[in-house]
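This report concerns only the one structure given below.
The values are calculated or read from the model by the stated rules, or taken from the named source; none is laboratory data. The model shown is predicted, which means the values in this text are computed figures rather than measured ones. With ideal geometry, Cβ positions are generated from the backbone for all residues, glycine too; neighbour counts draw on all protein chains shown.
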Amino acid sequence: MSANRQASPRRVSVAPMMDWTDRHCRSLHRFISQHTWLYTEMVTTGALLHGDVPRHLAFTPAEAPVALQLGGSEPADLARAAKLGEQWGYDEINLNCGCPSERVQRGAFGACLMKEPQLVADCVKAMRDVVTVPVTVKHRIGVDTIEDYAFVRDFVGTIADAGCEVFIVHARNAILKGLSPKENREIPPLKYDYAYQLKRDFPHLEIIINGGIKTLDEVEQHLQHVDGVMLGREAYHNPYVLADVDARFYGATDAPLTREEVEAKLIEYCASEIARGQFLGAITRHALGLYRGVAGARGWRRVLSDSRELAKADLAIFDAARQHLRVPDEIFE
Ligand SMILES: Cc1cc2nc3c(=O)[nH]c(=O)nc-3n(C[C@H](O)[C@H](O)[C@H](O)COP(=O)(O)O)c2cc1C
């Protein structure tokens, strides 16, 4: 569709997911796809400004491009946090306006910010004033009982006026009272048309669609209407779904790594992380879905979930896991 789409480096991205998209998870995704745009977990301004900055921001250059997602609602704090993110090498700063959790609501940020578009605009402006990387917003299409398209249209319009050019639209409402965050990702209906309409109403903006998307064929369909597609849970539970992304959406000509080649890279990565004192299970937990759909995947997963065995930090655990799979062994010899 638009020339814009050709230019978007976010044609395919993996969603920010708390407790999931840490640097180990991102490294795994990067072994599978060189071009998919990756996001951190949400980091709150409080955690960054009063906490352990390296713990929250350190990542390996091989993970790039990576966007840092911030949670907060205080323009000055967000500006300081965004500056830190840029200094640590992130390629984008994203503001979370979509999380409905009670904890986040108590902090008056996340999805409840959708009711305060002018405040979000001030936050975006404060961040844009101090960084040169793009400042983007991830949001829902409405909150609670607000079903009207005009609500999200006006939200996007107000924030675009503050200079934001990229909007990631999780295409369902956030219900602030009565639904858990998990239910909030399942119960409110998906309305992809709202995201498509945003692209029609704001053709100069980059609109990324998110929510319930599972296959690259679906990605291709959505790209007829918007500039990019963000995959969340599917990319986590079935990371190898990203294998054809580079060829299909970024014009890459190299064949993707096979699952076995990805595993070999993962083992090397585990060795270097163990040498730095990391717990092996902190890495393998993100890789349990690597062989999803392959015969024996369940056995592979079970072996790599055994915390007592993982505590031994012995990479032979991968050999034991592989016994369950029906894939050739030569590649590891
Ligand atoms: C475990 C988990 C943690 C999440 N954490 C965040 C987060 O930190 N920030 C955010 O904007 N969205 C978060 N989300 C929402 C996802 O980014 C995404 O919008 C949502 O899962 C819908 O996409 P999907 O249907 O492809 O999974 C989280 C989702 C999951 C499953």
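Scanning for something within 11 Å of the ligand (Cβ to nearest atom) and out of contact with any Phe, Trp or Tyr (no Cβ under 9 Å at 6 or more places or on another chain), does the stretch 78-100 turn up at least one residue? Yes, because at least one residue in the stretch 78-100 is within 11 Å of the ligand (Cβ to nearest atom) and out of contact with any Phe, Trp or Tyr (no Cβ under 9 Å at 6 or more places or on another chain). For the stretch 145-202, the set of residues classified as within 13 Å of the ligand (Cβ to nearest atom) and in a helix (DSSP H, G or I) consists of Glu183, Asn184, Arg185, Tyr192, Ala195, listed by residue number.
Results for (1) among the charged types (D, E, K, R); (2) crowded, with 17+ Cβ neighbours inside 10 Å, shown as yes or no for each residue.
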| residue | (1), (2) |
| --- | --- |
| Arg106 | yes, no |
| Gly110 | no, yes |
| Glu116 | yes, yes |
| Asp122 | yes, yes |
| Ile141 | no, yes |
| His170 | no, yes |
| Leu176 | no, yes |
| Lys182 | yes, no |
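Of the set (1) modelled with pLDDT under 95; (2) part of a loop (DSSP other than H, G, I, E, B), all apply to Gly89 but (1). Could you check the stretch 235-274 and list, in sequence order, the residues that are small (Gly, Ala, Ser) and farther than 16 Å from Ala62 by Cβ? Result: Ala235, Ala243, Ala247, Gly251, Ala252, Ala255. Pairing residues of the stretch 91-113 that are closer than 21 Å to Phe167 by Cβ with residues that are of a type in the set (D, E, K, R) and crowded, with 24+ Cβ neighbours inside 10 Å, at Cβ distances under 7 Å and at least 6 apart in sequence or on separate chains, gives Asn94/Lys138; Asn96/Lys138; Cys97/Lys138; Gly98/Lys138; Gly98/Arg140; Ala111/Arg140.
When you go through Lys199, Lys182, Lys214 one by one, which is the residue that is in contact with a His (Cβ under 7 Å, 6 or more places away or on another chain) and of a type outside the set (A, V, I, L, M)?
One residue alone meets the criteria, Lys199.
Of Glu273, Glu260, Glu309, Glu220, all but one fail to be among the charged types (D, E, K, R), surrounded by 15 or more Cβ atoms within 10 Å (Cβ to Cβ) and closer than 29 Å to Arg11 by Cα; the exception is Glu260.
Counting the residues of the stretch 215-230 that are within 14 Å of the ligand (Cβ to nearest atom) and among the acidic types (Asp, Glu) gives 1. Of the residues making up the stretch 231-286, just one is assigned by TED's automatic domain parsing to the domain that holds Arg298, within 16 Å of the ligand (Cβ to nearest atom) and of a type in the set (Lys, Arg), namely Arg285.
Results for (1) over 29 Å from Val104 (Cα atoms); (2) in contact with a Lys or Arg (Cβ under 9 Å, 6 or more places away or on another chain); (3) without any contact (Cβ under 8 Å) to a residue 60 or more places away in the chain, shown as yes or no for each residue.
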| residue | (1), (2), (3) |
| --- | --- |
| Pro181 | no, no, no |
| Leu190 | no, yes, yes |
| Tyr194 | no, yes, yes |
| Arg200 | yes, no, yes |
| Leu205 | no, yes, yes |
| Gly211 | no, yes, yes |
| Lys214 | no, yes, yes |
| Val219 | yes, yes, no |
| Gln224 | yes, no, no |
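Does Val219 meet the test of being part of a loop (DSSP other than H, G, I, E, B) and within 20 Å of the chain's Cα centre (by Cα)?
No, not satisfied.
The set of residues in the stretch 64-85 that are over 16 Å from Leu113 (Cα atoms) and outside any helix (DSSP H, G or I) comprises Ala64, Pro65, Val66, Ala67, Leu68. With Ala64, Ala58 as the choices, which residue is within 17 Å of Val14 (Cα to Cα), more than 16 Å from the ligand (Cβ to nearest atom) and of a type outside the set (S, T, N, Q)? Exactly one residue qualifies, and that residue is Ala64. If the condition is being assigned to a helix (DSSP H, G or I) and within 24 Å of Met230 (Cβ to Cβ), then the stretch 103-118 contributes Arg103, Val104, Gln105, Gly110, Ala111, Cys112, Leu113, Met114, Lys115, Pro117.
Residue-wise test of (1) assigned by TED's automatic domain parsing to the domain that holds Cys123; (2) within 17 Å of Thr136 (Cβ to Cβ); (3) within 16 Å of the ligand (Cβ to nearest atom).
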| position | (1), (2), (3) |
| --- | --- |
| Trp37 | yes, yes, yes |
| Thr40 | yes, yes, yes |
| Gly46 | yes, no, yes |
| Leu49 | yes, no, no |
| Pro54 | yes, no, no |
| Leu68 | yes, yes, yes |
| Ser73 | yes, yes, yes |
| Ala76 | yes, no, no |
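Kindly indicate whether Gly212 is crowded, with 19+ Cβ neighbours inside 10 Å, among the small types (Gly, Ala, Ser), modelled with pLDDT of 95 or more and within 16 Å of the ligand (Cβ to nearest atom). Against the criterion (crowded, with 19+ Cβ neighbours inside 10 Å, among the small types (Gly, Ala, Ser), modelled with pLDDT of 95 or more and within 16 Å of the ligand (Cβ to nearest atom)), Gly212 does not qualify.
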